[in-house]
Amino acid sequence: MAHGQPLVPAMFIFGDSVVDVGNNNQISTIVKANFLPYGRDFPNHKPTGRFCNGKLASDFTAENIGFTSYPPAYLSKEASGKNLLIGANFASASSGYYDTTAKLYHAIPLSKQLEYYKDYQSKIVGIAGKANASSIISGAIYLISAGSSDFVQNYYINPLLYKFYTPDQFSDILIQYFANFIQNVYDLGARKIGVTTVPPMGCLPATITIFGSDTNECVAKMNNVAASFNTKLNATSQTLKNKLPGLNLVVFDIYNPLLNLVTKPAENGFFEARKACCGTGLVETSVLCNSESVGTCANASEYVFWDGFHPSEAANKILADDLLSSGISLIF
């Protein structure tokens, strides 16, 4: 851990379960990870609300740029006073670009996460004074991870969507929400923004189990939709950069690094990429991955996935190192 000043004053994190550090613990949703074995490999071996056995990619990112603690979950009691000087995390598992996705799971939609961020801004002026608050807001890195839940937990299982929209049309709707979100957070002072692509959704253990019609292969059509969405995300990000003066918007590719881990586990130091560590490793997430889950693996670092939807800490470390190299421009 680097001691001294972090390379940026603060980090703000928005999005879904890939980056939720405990906001869902504070709301009435069944989508929670506040029980073992979640968090069993975290520093104090206690569940925090992270959907992982240990650290998230965003935790490693915070460490990589010199933070000695992580931006607190905004709804937690840690999010007060001086703790807010390093930023805050607004993410909520099962949230997405599409507000209705969050509503299905009683999670916090991105529009509400943005409201909390406005609330944060007024608090930080009180804590740090106007000038300091303004340099924290403009100098901070903003990370957004969303989109997977919109497809996997909404579109593909929701006849109200998949009967009315092609995946391509639904992608366009999500991209419009994404563009609006960037515009809104830019208007509130954000200038350095990193957004992650959606992962190869068809390779998540749960999606192979549910949609893979008894094969053990990644579901190609879902990966194609993810890849097509990511192409639109890149194009729209470029348009936004051209339109908004001073905006540094970087798209972090999660798709290819994760696909690489899934298709070549052994080359990357993993033993298992099809089954997750928790339970049967096929569908479990949140409620089904619990301390009674029989079959939960002994060594999660050998697994690409911790539960049916989420990478293990070991996979997150690899993803975060990748993010660092592609996000250098946000830091300097």
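Numerical summary
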quantity: Check on Ser122, free of Cβ contacts under 8 Å to residues at least 24 places away in the same chain, over 17 Å from Thr197 (Cβ atoms), among the hydroxyl-bearing types (Ser, Thr, Tyr) and loosely packed, with under 15 Cβ neighbours inside 10 Å; calculated: yes
quantity: Residues of segment 57-109 satisfying the condition of being β-branched (Val, Ile, Thr), surrounded by fewer than 17 Cβ atoms within 10 Å (Cβ to Cβ) and in a helix (DSSP H, G or I); calculated: Thr100
quantity: Tally, over segment 187-209, of residues that are of a type in the set (A, V, I, L, M, F, W, C), surrounded by fewer than 20 Cβ atoms within 10 Å (Cβ to Cβ) and in contact with a Gly (Cβ under 9 Å, 6 or more places away or on another chain); calculated: 0
quantity: Restricting segment 302-328 to residues that are assigned to a strand (DSSP E or B) and of a type outside the set (Ser, Thr, Tyr), the residue that is surrounded by the fewest Cβ atoms within 10 Å (Cβ to Cβ); calculated: Pro311
quantity: Evaluation of Asn184 against (1) farther than 15 Å from Arg274 by Cβ; (2) at pLDDT below 95; (3) not aromatic (Phe, Trp, Tyr) (one fails), failing number; calculated: (2)
quantity: Qualifying residue in segment 2-23 (condition: in a helix (DSSP H, G or I) and in contact (Cβ under 8 Å) with a residue 40 or more places away in the chain); calculated: yes
quantity: Cβ pairs under 7 Å, 6+ apart, first in segment 54-74 and farther than 17 Å from Ala146 by Cα, second of a type in the set (Val, Ile, Thr) and outside any loop (DSSP other than H, G, I, E, B); calculated: Ile65/Ile331; Phe67/Ile86; Ser69/Ile86; Pro71/Ile13; Pro71/Ile86
quantity: Qualifying residue in segment 131-147 (condition: farther than 22 Å from Leu330 by Cα and outside any loop (DSSP other than H, G, I, E, B)); calculated: no
quantity: Those residues of segment 274-286 which are buried (at least 22 other Cβ atoms within 10 Å of the Cβ) and farther than 23 Å from Asn25 by Cβ, in sequence order; calculated: Gly281
quantity: Top-ranked residue in segment 110-130 [being among the small types (Gly, Ala, Ser) and assigned to a helix (DSSP H, G or I); ranked as farthest from Ser58 (Cα to Cα)]; calculated: Gly126
quantity: Number of positions in segment 304-327 that are more than 14 Å from the chain's Cα centre (by Cα) and either of a type in the set (D, E, K, R) or under 11 Å from Cys52 (Cβ atoms) (or both); calculated: 6
quantity: Unique match (being surrounded by fewer than 16 Cβ atoms within 10 Å (Cβ to Cβ) and free of Cβ contacts under 8 Å to residues at least 12 places away in the same chain) among Asn184, Asn234, Asn216, Asn180; calculated: Asn180
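The values are calculated or read from the model by the stated rules, or taken from the named source; none is laboratory data. Since we're looking at a predicted model, the values are computed, not measured. Ideal geometry is used to build each Cβ from the backbone, glycine not excepted, and the neighbour counts take in all protein chains shown.
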